[in-house]
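The values are calculated or read from the model by the stated rules, or taken from the named source; none is laboratory data. Predicted model only: the values in this text are computed from it and were never measured. Backbone-built Cβ (ideal geometry, glycine too); neighbour counts: all protein chains shown. These area figures cover heavy atoms from the full protein model, side chains too; ligands, DNA and RNA do not enter into them. Shrake-Rupley method; radii C 1.70, N 1.55, O 1.52, S 1.80 Å.
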Amino acid sequence: MPVITNIQDLKDIYRRRVPRMFYDYCESGSWTEQTFRANTSDFNEILLRQRVAIDMAGRSTASQMIGQDVAMPVALAPVGLTGMQSADGEIKAARAAEKFGVPFTLSTMSICSIEDVAENTTKPFWLQVYTLLDDDYMQRLFDRAKAAKCSAAVITVDLQMLGQRHKDIKNGLSAPPKLTPSSIANMATKARWGLEMLGTKRRSFGNIVGHVKAVKDPSDLANWTNEAFDQSLDWDRIRQFRKMWDGPLIIKGIIDPRDAVEALNVGADAIIVSNHGGRQLDGALSSIRALPQILDAVGGKIEVHLDSGIRSGQDVLKALAMGATGTYIGRAYIYGLGAMGEAGVTRALEVIHKELDVSMAFCGHRDIRGVDRDILMIPKGFSDGWQ
């Protein structure tokens, strides 16, 4: 096994082993990718305050997210097409998360179905859903999640339509993917990936094909995806979804304080400050810049989590110190999955955990639940000053 000391090491291996189509799907943003880049670079503007001669023994990163115990306040974010990054990828990632003691969030646009993941794990996971027009499908999706004992639903509210991602268009990445001579030639160079994909029966969208009346096989997917998303979505519609799901609810895709208040009012248990990894509105604020004003707006009445841009345990620490009660990694664990399968996801979690634990100690804390802004040096005007 290669020596892995940081997430970048996994990314380097991932790039070599996974077809370019799926690498670009993960490692890209919309339009100019300004927000995609800012999500990570803005973390670098926040500095940590080191303390010395403070007892560092007996440290703990254990915490809770929506009342669930977690080994560290980090969940695996929902990522579509995870099963194309590595054969049965959602199952591998869910197993790694379960063993590590952190939540796994399954995307509706996953390759492995809700039932596939449930049959191959022993603990509850979370299900992410989109805001779709088809009420019958939505209710059955929530019912399937209940039957699988999913412990939370995550409603993504920032994808009423797709932001344009240039790389995906050029690579023919769609639902289902459009194979081109170039993409086929590239896939042919990824022997390990190809052999694994040949060995699995799961190569389509397991939560959709056979579960939507208009989608009997993968060839029907394109028409369905073009028409399925609700461009007329409003908060009353989200209230309808809340009635369909009576368990813990997380709303993902909040980047404006006004929307945070709306999410609180519809009865969500937590919100995720997220700009969809920079894949929707380009030129929007990074999640970490948006976080402080959203925290102020909800005033501690709801859990506030953060997604988009986290590539290290120090990023996790900074988000928590600013006031988030939980964080999510997407690309960071996908790098590991594509590089080394389940073992790679585990290694990504180990890297994040070690960086979080050691950095917390250097900042003078032994319990992650006690970190606050005192450990940070934040530039003036970091999260305000706009007109």
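Applying the criterion of being in contact (Cβ under 8 Å) with a residue 60 or more places away in the chain and open to solvent by 20 Å² or more (accessible area, probe 1.4 Å) to the residues of the range 280-300, the residue that is farthest from Gly29 (Cα to Cα) is Gln293.
Condition check ((1) among the acidic types (Asp, Glu); (2) at pLDDT below 95; (3) in contact with a Lys or Arg (Cβ under 9 Å, 6 or more places away or on another chain)) across all residues:
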{"residue": "Arg203", "(1), (2), (3)": "no, yes, no"}
{"residue": "Gly210", "(1), (2), (3)": "no, yes, yes"}
{"residue": "Asp220", "(1), (2), (3)": "yes, yes, no"}
{"residue": "Asn226", "(1), (2), (3)": "no, yes, no"}
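On the stretch given as the range 173-215, residues that are farther than 27 Å from Asp116 by Cα and not hydroxyl-bearing (Ser, Thr, Tyr) total 5. Elements of the type strands (runs of 3 or more DSSP E) sitting completely within the range 59-100 and holding at least 3 residues that are crowded, with 24+ Cβ neighbours inside 10 Å: these cover 74-76.
Residues considered: Thr327, Thr346. Of these, the only one that is part of a helix (DSSP H, G or I), polar (S, T, N, Q), within 19 Å of the chain's Cα centre (by Cα) and under 23 Å from Leu81 (Cα atoms) is Thr346.
Which of the residues spanning the range 80-110 are of a type in the set (A, V, I, L, M, F, W, C) and more than 22 Å from Gly247 (Cβ to Cβ)? Answer for the range 80-110, where residues must be of a type in the set (A, V, I, L, M, F, W, C) and more than 22 Å from Gly247 (Cβ to Cβ): Leu81, Met84, Ala87, Ile91, Ala96, Phe100.
Being open to solvent by 50 Å² or more (accessible area, probe 1.4 Å) and either of a type in the set (Asp, Glu) or touching a Gly at 6+ places or on another chain (Cβ under 7 Å) (or both) is the filter here; which residues of the range 180-215 pass it? Hit for the range 180-215 is Glu196, nothing else. The set of residues from the range 113-131 being touching a Leu at 6+ places or on another chain (Cβ under 7 Å) and not aromatic (Phe, Trp, Tyr) comprises Ile114, Val117, Leu127, Gln128, Val129, Thr131.
Across the range 330-338, not a single residue is classified as surrounded by fewer than 16 Cβ atoms within 10 Å (Cβ to Cβ), modelled with pLDDT of 95 or more and of a type outside the set (Lys, Arg). Among the residues that make up the range 126-136, is at least one of them touching a residue at least 40 places away in the same chain (Cβ under 8 Å), hydroxyl-bearing (Ser, Thr, Tyr) and either under 21 Å from Ser30 (Cβ atoms) or assigned to a helix (DSSP H, G or I) (or both)? Yes, the conditions are met somewhere in the range 126-136. Picking from residues in the range 301-324 that are charged (D, E, K, R) and assigned to a loop (DSSP other than H, G, I, E, B), the one that is least open to solvent (accessible area, probe 1.4 Å) is Asp307. The set of residues in the range 28-53 that are part of a loop (DSSP other than H, G, I, E, B) and open to solvent by 60 Å² or more (accessible area, probe 1.4 Å) comprises Trp31, Thr32, Arg49, Gln50, Arg51, Val52, Ala53. In the range 69-84, how many are of a type in the set (A, V, I, L, M, F, W, C) and within 15 Å of the chain's Cα centre (by Cα)? Number satisfying all stated conditions: 6. Figure legend. Inter-residue proximity from the range 189-212: first residues without any contact (Cβ under 8 Å) to a residue 24 or more places away in the chain, second residues open to solvent by less than 20 Å² (accessible area, probe 1.4 Å), beta-carbon distance below 6 Å, spacing 6+ or different chains. Indicated pairs: Val209/Val215.
Counting the residues of the range 342-387 that are touching a residue at least 40 places away in the same chain (Cβ under 8 Å), open to solvent by 10 Å² or more (accessible area, probe 1.4 Å) and farther than 23 Å from Ser63 by Cβ gives 6.
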